[in-house]
Amino acid sequence: MPNRVNVDLSIQPETRTFACRYQLTASFPTAQRSLAFNVNRKFRVTEVQGPHLLGYTDSLFYDAFQQDTLRRLTLRFAQPSRQQTVTVRYNGTTPFQTDSVLEFTAHANWLPTIPDQEYALVRYRLAVHIPAAYQVISTGPARRAANGTYVFTGQAPNIELTAVAARRFTTLGGRHAGVELYKANRPFNVRDSLLRTHALAIIAYQNRIIGRRAPIRRFRILLPGSNRNAFGLLDNAAVITYSDFDTRKPADLLILAHEISHKWWGWGTWNTYDNWLNEGFATYSGLLYLRATADTATFRQQLLKHRAAAAPAPPILQFDARKDMAQYRAVIYSKGTVVLADLHTRLGDEAFFRLLQATAAAHVNTTQAFLALVEQKTGRETRDWLAARLGS
Ligand SMILES: [Zn+2]
């Protein structure tokens, strides 16, 4: 059973501040006497409590993967237990706020996370309070939306709980039309309707070659317009912040196909080499879509670019965030992509797509598990060939 999370978020747009209560009920395979959380170091923690809590320490440390100083709360309990409930209250400046858009998204680092379990699935209830002049959206419809309070529930990676607030959102595509767009504070333009058309085509293709056993039936694209980045979420949604995003450009179409495929590619541990199971797979999935649209020129050119970047990089299986972070993209994205392209060439379309479908359906989250699946689906020889490629 996933851990349960109950979040109560109050946003004050005028002062650009927020206050949050985060309650976690966590189960462990063995009894635990302590529990650690990483919390954004810019926030002020005002209270940590729990029925068996003895006390906690609060310290800063340097995280090699994020190349940043993070803050860690270490909680100690009176007696070891296989289940603990803790509540953390904190407040601070809204992490991302531009032009009446307030983003509490996966990249805003606004929630406490258990170290190395940032992407662990949680069952959540997220209540957001905001002045009535604002609207709040998330990855799915609100359970309740009245008098400035919005309630969302669902199951998602802890880090991906999402609330985006703006004065108003324009929407394109109904709830039953497959893909819905939500754009903050601005009207839609021709690029947005093309984005929606392309998203529908990408989803139809990826459902066929990757998601046959767990297809996307509805998908939300949030367009806050804050020009920061783009990211796909496990919960059938993507956030694209670029205000000039134009899927008529192959580079932007590639980003869209990459991000949508994260619906299936989000299970590998993000701060180890197993992250190639997310980023290598998503990058190659994006390329496959371009190939399917007959844009073989961009497909080839991108693959060459990844080959060139991957050549001098250390092996995937030796990637160590403490010493190789300068090579992160070359190893995790480029080398991961090249290994998959070569595996695809070795197996051919039919067997390779079957393997993608099995990998997605099994929520494969370690390289060892992927190798085992490759052996089961394609035989020992290909497994050994792949292990050698990952180690070179
Ligand atoms: Zn990605």
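The values are calculated or read from the model by the stated rules, or taken from the named source; none is laboratory data. In this text, all values refer to a predicted model and were calculated from it rather than measured experimentally. Here Cβ is always computed from backbone atoms with ideal geometry, including for glycine, and neighbour counts include all displayed protein chains.
I'd like to check something: does the stretch 34-52 contain any residue that is in a strand (DSSP E or B), touching a Cys at 6+ places or on another chain (Cβ under 9 Å) and of a type in the set (A, V, I, L, M, F, W, C)? It would help to see each step written out before you state the result.
Filtering the stretch 34-52 down to residues in a strand (DSSP E or B) leaves 34-39, 44-49.
Going one step further and asking which of them are touching a Cys at 6+ places or on another chain (Cβ under 9 Å), we end up with none.
Checked against the condition, which is being in a strand (DSSP E or B), touching a Cys at 6+ places or on another chain (Cβ under 9 Å) and of a type in the set (A, V, I, L, M, F, W, C), the stretch 34-52 yields no hits at all.
Among the residues of the stretch 189-245, write down those that are farther than 20 Å from THR170 by Cβ and in a helix (DSSP H, G or I).
ALA201, ILE202, ILE203, ALA204, TYR205, GLN206, ASN207, ARG208, ILE209, listed by residue number.
Please determine, by comparing only the residues of the stretch 304-355 that are assigned to a helix (DSSP H, G or I) and either aromatic (Phe, Trp, Tyr) or not assigned by TED's automatic domain parsing to the domain that holds LEU288 (or both), which one is surrounded by the most Cβ atoms within 10 Å (Cβ to Cβ). Quick ask: steps written out before the conclusion?
Step one: filter the stretch 304-355 for residues assigned to a helix (DSSP H, G or I), giving 304-310, 316-318, 321-355.
Within this subset, residues satisfying the condition of being either aromatic (Phe, Trp, Tyr) or not assigned by TED's automatic domain parsing to the domain that holds LEU288 (or both) are 328, 333, 352-353.
Values: TYR328: 16, TYR333: 22, PHE352: 20, PHE353: 17.
In this case the residue turns out to be TYR333.
So GLU180 clears everything in (1) on the phi < 0 side of the Ramachandran plot; (2) within 16 Å of the ligand (Cβ to nearest atom) except one condition, right? Which one?
With respect to (1) on the phi < 0 side of the Ramachandran plot; (2) within 16 Å of the ligand (Cβ to nearest atom), GLU180 is out only on (2).
Taking the stretch 352-392 as the search range and keeping residues that are under 25 Å from the mean Cα position of the chain (by Cα) and aromatic (Phe, Trp, Tyr), which one is farthest from ALA311 (Cα to Cα)?
PHE353
Scan the stretch 172-200 for residues that are touching a residue at least 60 places away in the same chain (Cβ under 8 Å) and aliphatic (A, V, I, L, M) and jot them down.
Filtering the stretch 172-200 for residues touching a residue at least 60 places away in the same chain (Cβ under 8 Å) gives 184-185, 195, 199.
Scanning the stretch 172-200 gives ALA184, LEU195, ALA199.
Could you tell me whether the stretch 361-368 includes any residue that is β-branched (Val, Ile, Thr) and not in a helix (DSSP H, G or I)? Working first, answer last.
Just the residues of the stretch 361-368 that are β-branched (Val, Ile, Thr), to begin with: 364, 366-367.
Applying the additional criterion that residues be not in a helix (DSSP H, G or I) yields 364, 366.
Yes; the residues of the stretch 361-368 include at least one that is β-branched (Val, Ile, Thr) and not in a helix (DSSP H, G or I).
Give the residues of the stretch 157-171 that are touching a residue at least 60 places away in the same chain (Cβ under 8 Å), closer than 23 Å to SER243 by Cβ and either of a type in the set (D, E, K, R) or not in a loop (DSSP other than H, G, I, E, B) (or both), sorted by residue number.
Let us first name the residues in the stretch 157-171 that are touching a residue at least 60 places away in the same chain (Cβ under 8 Å), namely 157-158, 160-167.
Cutting the leftovers down to closer than 23 Å to SER243 by Cβ gives us 160, 162-167.
GLU160, ALA163, VAL164, ALA165, ALA166, ARG167, listed by residue number.
Residues are listed down the side, and each one gets a yes or a no for (1) within 11 Å of the ligand (Cβ to nearest atom); (2) under 24 Å from LEU222 (Cα atoms); (3) not β-branched (Val, Ile, Thr):
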site: GLU259; (1), (2), (3): yes, yes, yes
site: TRP265; (1), (2), (3): yes, yes, yes
site: ASN275; (1), (2), (3): yes, no, yes
site: TYR289; (1), (2), (3): no, yes, yes
site: THR293; (1), (2), (3): no, no, no
site: LYS305; (1), (2), (3): no, no, yes
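Looking at the stretch 285-301, I want the residues that are farther than 15 Å from ILE210 by Cα and have a partner that is basic (Lys, Arg) with Cβ atoms under 7 Å, at least 6 apart or on another chain. Which pairs are those?
These pairs meet every condition: PHE299/ARG291.
Under 7 Å by Cβ, and 6 or more places apart or on different chains, what pairs join a residue from the stretch 255-269 that is within 20 Å of THR241 (Cβ to Cβ) and among the hydroxyl-bearing types (Ser, Thr, Tyr) with one that is more than 11 Å from the ligand (Cβ to nearest atom) and assigned to a loop (DSSP other than H, G, I, E, B)?
These pairs meet every condition: SER261/ILE210.
Looking only at the stretch 228-252, count every residue that is away from the ligand (no atom under 14 Å from the Cβ) and in contact with a helix residue (DSSP H, G or I) (Cβ under 6 Å, 6 or more places away or on another chain) and tell me the total.
Looking only at that region, the number is 4.
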